[in-house]
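Participant: This is the structure I have questions about; it appears just below.
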């Protein structure tokens, strides 16, 4: 079931805020793993997006267990955050490189994301099922 981002935290999703997310995954041995990531938010669908390269740890873990949690902290006040939990509802290589260039533009101000030889970029879309907020 889709849920709506609380209005008070929509500013964290705006490109000009440049907030990072901290993605939490559970490894095969049951231990947690957290990675800072760039993310996008689609206002039309309500889905969160992020990107990695095929074969990296995030890619392998989500193939095994496609449920994630991530926290988006306010860059001006780290005690204010939005936590999101939900399933990965789509994984696609289509436009993967273009999507990481979109994120590079958001966070670095240009579309010049360096692609490693042979690298295949993958976009993930997460349907938020639960939010927790602070601040």
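Participant: Just need a number here: residues in segment 40-95 that are in contact with a strand residue (DSSP E or B) (Cβ under 7 Å, 6 or more places away or on another chain), in a strand (DSSP E or B) and over 21 Å from residue 128 (Cβ atoms).
Facilitator: The qualifying residues number 2.
Participant: Checking the structure you have, find out if any residue of segment 111-123 is surrounded by 13 or more Cβ atoms within 10 Å (Cβ to Cβ), touching a residue at least 60 places away in the same chain (Cβ under 8 Å) and within 23 Å of residue 3 (Cβ to Cβ).
Facilitator: There is at least one residue in segment 111-123 that is surrounded by 13 or more Cβ atoms within 10 Å (Cβ to Cβ), touching a residue at least 60 places away in the same chain (Cβ under 8 Å) and within 23 Å of residue 3 (Cβ to Cβ).
Let's see how each residue does on (1) surrounded by 14 or more Cβ atoms within 10 Å (Cβ to Cβ); (2) within 21 Å of residue 93 (Cα to Cα); (3) free of Cβ contacts under 8 Å to residues at least 60 places away in the same chain:
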| position | (1), (2), (3) |
| --- | --- |
| 3 | yes, no, no |
| 12 | yes, no, no |
| 37 | yes, yes, yes |
| 52 | yes, yes, no |
| 57 | no, yes, yes |
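Readers should treat all values here as calculations from the given coordinates under stated rules, not as data from a laboratory. Bear in mind the structure is a predicted one, so any value in this text is a computation, not a measurement. Please note: Cβ atoms are built from the backbone with ideal geometry, for glycine as well, and neighbour counts cover all protein chains shown.
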